Amino acid sequence: QVQLVESGGGLVQPGGSLRLSCAASGSIFSINDMGWYRQAPGKQRELVAVIISSGTTNYADSVKGRFTISRDNAKNTVYLQMNSLKPEDTAVYYCNAHARAIDRTYYTFYWGQGTQVTVSS
């Protein structure tokens with residue numbers, strides 16, 4: 001199995017910055033995409049950013065120019081640098097990985113437990 005553990009959430013004032021990290025561990029054979037999703041109260045979970053193994057990235061329009069996703073393939077870790085944060089960025093942020101475990105012959109999606117990001121003055 002593959003486990004994802006997020007860290008780096010917290011409370012920040014509008015205009016501030018936070019950096020989220022997500023480390024994948026366990027019986028990993030290979031990881032394709034890694035990404036971040038978020039879910040605000042009363043809303044559906046939405047894609048924030050995704051990065052594939054080659055480094056190609058994709059962002060939600062609402063975060064383009066403010067958030068940057070990156071990954072360290074050697075550490076099986078994905079990061080989300082969030083700048084110029086707005087109150088509407090408040091949500092639980094979830095890490096996601098499209099990965100294959102050693103004892104499996106297929107790829108599947110794994111999720112972290114989520115980390116709270118609150119943007120408020």
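Figures for the structure shown
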{"read-out": "Cα-Cα pairs of the chain separated by more than 24 Å (percent)", "value": "23 percent"}
{"read-out": "Relative intensity, log₁₀ I(q)/I(0), of region 3-52 from a Debye sum that treats every alpha carbon as a point, q = 0.13, 0.21, 0.29 Å⁻¹", "value": "-0.43, -0.99, -1.25"}
{"read-out": "Cα point-scatterer Debye curve for region 57-112, base-10 log of I(q)/I(0) at q = 0.24 Å⁻¹", "value": "-1.11"}
{"read-out": "Per residue accessible area of the chain, 1.4 Å probe, in Å²", "value": "52 Å²"}
{"read-out": "Protein accessible area in the chain, 1.4 Å probe - carbon and sulfur %", "value": "48 percent"}
{"read-out": "Extended-chain gain in nm, criterion 0.36 nm per residue less alpha-carbon gap, SER62 and ALA74", "value": "1.3 nm"}
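The values are calculated or read from the model by the stated rules, or taken from the named source; none is laboratory data. Keep in mind that what you see is a predicted model, and the values were worked out from it rather than measured. When the accessible area is computed, the model is the full protein with side chains, heavy atoms only, and any ligands, DNA or RNA have been set aside. Shrake-Rupley method; radii C 1.70, N 1.55, O 1.52, S 1.80 Å.
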